[in-house]
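*Asks:* The structure that follows is given in the form of structure tokens.
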Amino acid sequence: MREYLFSKVFGDTLVRYPFDVATGIVGLELIPASLIGDIVPPRESLRGEAFIDVLPGNDPWPARPVESLLQLKLVGDQYPGAFAQGHTMRNSGTVAAFRYEGQEVTQKANGVVITTCLSRPDGCRAEHRLDWNHADLAFTVSTSVTNGSSSPVTLEMLASFSLSGITPFHVADAEGRLKVHRFRSGWSAEGRHECRGIEELHLERSWSGAGAFSERFGQLGTMPVRRWFPFVAVEDTVPGVIWGAQLAWAGSWQMEIFRQHDDVCLSGGVADREFGHWMKTLQPGETLETPTATLACVHGDFDALCDRLTAMQDAAVNLQPEVEQDLPVIFNEWCTTWGDPSHDNLCSMADRLKGSGVRYLVIDAGWYKADGTDWSSGHGDWNPSAKLFPNGLKAAADAIRERGLIPGLWFEMETVGSQSSTFALGSHFLMRDGIPVTVRERRFWDLSDPAAVAYLTRKVIDLLESCGFGYLKVDYNETAGLGCDHPDSQGEGLRKQIEGTYGFFDLIRQRLPDLVIENCSSGGHRLEPSMLARTAMSSFSDAHELVEIPIIAANLHRLLLPRQNQIWAVLHPHDSLQRIGYSLAATFLGRMCLSGGIEKLPDASWALVREAIALYAKAAPVIKYGTSRRFGNVGKSWRHPQGWQAVVRTSGNLALVVFHAFANAPEKVSIPLFGDWDLLESFGNDSADASGGTLVLRTGGDFNGAVFLLSPR
């Protein structure tokens, strides 16, 4: 028997908790408040389905039983049936044993927290928390489990969230209308949107419900955005409703699209025993808290859902240092010196950048190289090169500041290169099978080891502070893999490592509150909410000089805030003005970061750079606070794009259009503007006309870029 424990509208979303009185199972559903009148009561059984009524006993199998908001598995309990082992650990015997105990709705100054408690007879207890703030259009959810028994218990699966009841707008299984949205990712190819029908994923319900099906996906290791982003959404195309979730976790994770009955369920969290080699033993009285997930549903399009999820990253960004609030421009010398920064060449760059509108000059990899070593394997000792910096790093940082710039410094602090003396240490690294985890000439500090943290505190934080650096670029160029040695499991060893990573980032912020921190991981391998929350901005990709830069940058508008998305423009003296304009235009899709041979740029090229920097300062408010929509068609290949792309980003009093033409671009394009706007300024194209809610422009030929800033008419 189904009833509802709680049902209330928060913002524009109905939150309700279905409850099965007989089993004590509680679920969680989200529904657009504007469509409450369109909810269709689910069928009670499968009677009427083909062949069901002629089976022995004429059993009325349930069509849509309540799916628990608590998904966990303890060792010793029954594993899930319905042919599901190996595909999912949802709906195990542990779930059935945890019954509803109570629910508390707590008012806070700016919102509400709903805590739902479930327990089992031995004293083990779980709390599911849904948190909502008045200004938000999405919810944060987490789960904790406490061992209230007198003996240790071992978890082998614990989800952060489970959302059910998709879709409430069809009486049965909504054939042909449910679609799944995900984002694939790879090195230098971040954020490919994938949309597939439920039936394509083979998630059509079975004729009786006796089979359970799951599309479980995610990644293992310490590069959380590798193959997939921790994101999932399901769309009911008939009413135009989309449900979505984003997980904040920098380690091994999983998402599941699950179906056994009429409704589709979404869940996700730390990768479980089957998927991520994870088990965790809780001693009596011990509690484990999951990572946080953000959930939303919207009566609207896919971009509207992504707007809600990314907006939840807003609060963390606003905690960044004051110097960051106007989105200053960065210059990083990586594609200038390619691992050979020195006092002299940095001074030359700083002379060129002085008074240009650039604020940060970042010293990238290689500043620590000893004789006979390279940037990629020589890191770990973190002793400045006396050859490159004969007067020390502080002298270089001081020289940069004397030219009106804030100096920055690169570290790959969590790993140690094989050419460093530190590499030979054994006891302070992540171990697997008793051997240091070694990959591509790197080992990984065990950040749950106080000795490792103390070493990095001395070598990283103390050096940044003593030299007066105002910017830290943190790179991370390999994954630690499936896990590391730990008494509970290799997956638990990895989970502890991620907690240690968070702890060290938090220590940096505590010691140096005004430091600007950049998150890089061979480009975009750590573009997930928990790392975004700990840093001012993130490197979007390692696609530094490629034609697909604007495509990747536009993809990421659906996954993170552009003001945290650092886009590179690498400029060379031999580049044509068209090429320089193409590169500079792409940086308006996020944070402008320049690199390359700027000291030797011809006067016309440098003038174009200065023009772009000046316009970027005017566009910063809409980059910071706007919402984006994308138009055009670039074809299937990013490496060989064809056609054109435009991103229109609007806020209250500004609109920004970033346009790129690729191969075989049309002669003219029309771009919707969502209202009447007047053209204020343009960059790279003077043919545009804004009238009738449309921007019309001549493309100017293949591989052109342009930027337009507009105000309301």
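*Asks:* Show me 703-709, 550-556 ranked by packing, highest mean number of other Cβ atoms within 10 Å first.
*Replies:* On the way: 703-709: 23.4, 550-556: 26.0.
The densest-packed peptide leads the list: 550-556, 703-709.
*Asks:* May I pose another question? First compute the accessible area of the chain with a 1.4 Å probe, then give the percent of it belonging to carbon and sulfur atoms. Let's see the in-between values first.
*Replies:* Values: 13070 of 25100 Å².
Carbon and sulfur: 52 percent of the exposed surface of the chain.
*Asks:* So, one more: Let's test this: bin the Cα-Cα distances of region 244-353 at 10 Å from zero up to the farthest pair and state each bin's percent.
*Replies:* Result returned by the calculation: 10, 22, 24, 21, 16, 6, 1.
*Asks:* Order ARG432, ARG177, ARG610 by their accessible area, 1.4 angstrom probe, all chains in place, largest first. Walk me through the intermediate numbers first.
*Replies:* On the way: ARG432 65, ARG177 30, ARG610 95 Å².
These residues rank, largest area first, as ARG610, ARG432, ARG177.
*Asks:* Could you work out the relative contact order of the chain, using alpha carbon pairs under 8 angstrom and six or more residues apart, expressed as a whole percent?
*Replies:* Working: 1780 pairs, mean separation 69.5, N = 713.
Reported relative contact order: 10 percent.
*Asks:* Taking all pairs of distinct Cα atoms, average 1/r, flip it, and tell me the Kirkwood hydrodynamic radius of region 390-454 in Å to one decimal place.
*Replies:* Working: mean 1/r = 0.0712 Å⁻¹.
With all distinct Cα pairs of region 390-454 included, I get 14.0 Å.
*Asks:* In nm, what is the difference between 0.36 nm times the number of residues separating LYS600 and GLU322 and their Cα-Cα distance? Don't jump to the answer; show the numbers that get you there.
*Replies:* Working: separation 278, 0.36 × 278 = 100.08 nm, distance 3.28 nm.
Fully extending the segment from LYS600 to GLU322 adds 96.8 nm.
*Asks:* Also, I was wondering about something else. Once region 285-430 is represented by equal point scatterers at the alpha-carbon sites, with solvent omitted, what log10 I(q)/I(0) does the Debye formula produce at q = 0.19 Å⁻¹?
*Replies:* -1.06
*Asks:* A follow-up question, please. Let me check something: with ligands and nucleic acids excluded, how do ARG649, ARG192 order by accessible area (1.4 Å probe), largest to smallest? Mind dumping the intermediate values first?
*Replies:* On the way: ARG649 15, ARG192 95 Å².
Output order, biggest surface exposure first: ARG192, ARG649.
*Asks:* Taking Rh as the Kirkwood radius computed over C-alpha pairs, what is the Stokes-Einstein D of region 356-480 at 25 °C in a medium of viscosity 0.890 mPa s, expressed in µm² per second?
*Replies:* On the way: Rh = 15.3 Å.
My calculation gives 161 µm²/s for D.
*Asks:* With a 1.4 Å probe and all protein chains in place, put GLU175, GLU127, GLU322 in order of accessible area, largest first.
*Replies:* Values: GLU175 115, GLU127 55, GLU322 145 Å².
Result of the area sort, largest leading: GLU322, GLU175, GLU127.
*Asks:* Let me ask something else. How large is the accessible surface per residue of the chain, computed with a 1.4 Å probe and reported in Å² as a whole number? Intermediate values should be presented prior to the final figure.
*Replies:* Numbers: 25100 Å² over 713 residues.
Ligands and nucleic acids excluded, the figure is 35 Å² per residue.
*Asks:* Once phi is turned into ³J(HN,Hα) by the Karplus curve 6.51 cos²θ - 1.76 cosθ + 1.60 with θ = phi - 60°, what whole-Hz value does each residue of region 610-619 show in order, with x for glycine and proline?
*Replies:* After applying 6.51 cos²θ - 1.76 cosθ + 1.60, I find 4, 4, 5, 4, 5, 5, 4, 4, 6, 7 Hz.
*Asks:* Now, a different point. Which residues in region 275-302 place their backbone N less than 18 Å from a point set 7 Å from the Cα of LYS108 along the Cα-to-Cβ direction?
*Replies:* Residues 289-296 qualify, since their backbone N sits under 18 Å from the label point.
*Asks:* Gain in length, ASP122 to ALA607, computed as 0.36 nm per residue apart minus the alpha-carbon separation, to one decimal in nm? Provide the component values of the computation, followed by the final result.
*Replies:* Details: separation 485, 0.36 × 485 = 174.60 nm, distance 7.31 nm.
Full-extension gain reported as 167.3 nm.
*Asks:* Now a separate question. With a 1.4 Å probe and every protein chain left in place, tell me how much accessible area ARG458 has, in Å² to the nearest 10.
*Replies:* Roughly 130 Å² of ARG458 is accessible to a 1.4 Å probe.
*Asks:* Next up: Run the quick spin-label model on HIS134 and SER151: label points 7 Å from Cα toward the beta carbon, then report their separation in nm to one decimal.
*Replies:* That separation, rounded to one decimal, is 5.1 nm.
*Asks:* Related question: Each label point is 7 Å from the Cα along the Cα-to-Cβ direction; what then is the distance between the points at ASP514 and GLU194, in nm?
*Replies:* About 4.7 nm separates the two model spin labels.
*Asks:* Another one. When the helix-only estimate is applied to the chain (DSSP H runs of n ≥ 4, each -39,500 (n - 2.57), divided by the residue count), what is the mean residue ellipticity at 222 nm, nearest 500 deg cm²/dmol?
*Replies:* Value at 222 nm, helices only, nearest 500: -5000 deg cm²/dmol.
*Asks:* Highest first, please rank the peptides 617-627, 421-431 by the mean number of other Cβ atoms sitting within 10 Å of their residues.
*Replies:* Numbers: 617-627: 18.8, 421-431: 17.3.
Put in order of decreasing packing, that is 617-627, 421-431.
*Asks:* To the nearest 10 square angstrom, what accessible area does SER522 show with a 1.4 Å probe?
*Replies:* 10
*Asks:* Whose amide H sits under 5 Å from the amide H of LEU594, counting only residues 5 or more places off or on another chain, with H placed in the peptide plane?
*Replies:* The answer is ILE330, PHE331, ASN332, ALA569.
*Asks:* Now a separate question. Note the full-extension length gain between SER691 and TYR502 as 0.36 nm times their separation in residues minus their Cα-Cα distance, in nm to one decimal. Can you show the working numbers first?
*Replies:* Working: separation 189, 0.36 × 189 = 68.04 nm, distance 4.95 nm.
Gain on stretching SER691 to TYR502: 63.1 nm.
*Asks:* Nearest 5 is fine: what % of DSSP beta bridges in the chain come out antiparallel, could you say? Could you put the intermediate results ahead of the total?
*Replies:* Details: 141 of 171 bridges.
Roughly 80 percent of the DSSP beta bridges within the chain come out antiparallel.
*Asks:* Could you work out, for region 662-707, what percent of all Cα-Cα pairs fall into each 10 Å distance bin, beginning at 0 Å and stopping at the bin that holds the largest distance?
*Replies:* Calculated over all Cα pairs of region 662-707, the distribution is 27, 54, 18, 0 percent.
*Asks:* In whole Å, what are the Cα extents of region 509-589 along the three principal axes, biggest one first?
*Replies:* So the extents along the principal axes, rounded to whole Å, are 45, 26, 20.
*Asks:* Would you tally the net charge around SER377, using a Cβ to Cβ cut-off of less than 13 Å, leaving SER377 out, and scoring K and R as +1, D and E as -1? Could you put the intermediate results ahead of the total?
*Replies:* Working: positive: LYS369, ARG440, ARG442, ARG443; negative: ASP374, ASP381, GLU412, GLU441, GLU478.
Neighbourhood net charge equals -1.
*Asks:* So how compact is the chain: Cα radius of gyration and Dmax in angstrom?
*Replies:* Looking at the chain, its Cα Rg and Dmax stand at 26.8, 89 Å.
The values are calculated or read from the model by the stated rules, or taken from the named source; none is laboratory data. In this text, all values refer to a predicted model and were calculated from it rather than measured experimentally. Every residue, glycine among them, receives a Cβ derived from its backbone with ideal geometry; neighbour counts consider all protein chains shown. Please note that ligands, DNA and RNA were not included when accessible areas were found on the heavy atoms of the full protein model with its side chains. Shrake-Rupley method; radii C 1.70, N 1.55, O 1.52, S 1.80 Å.
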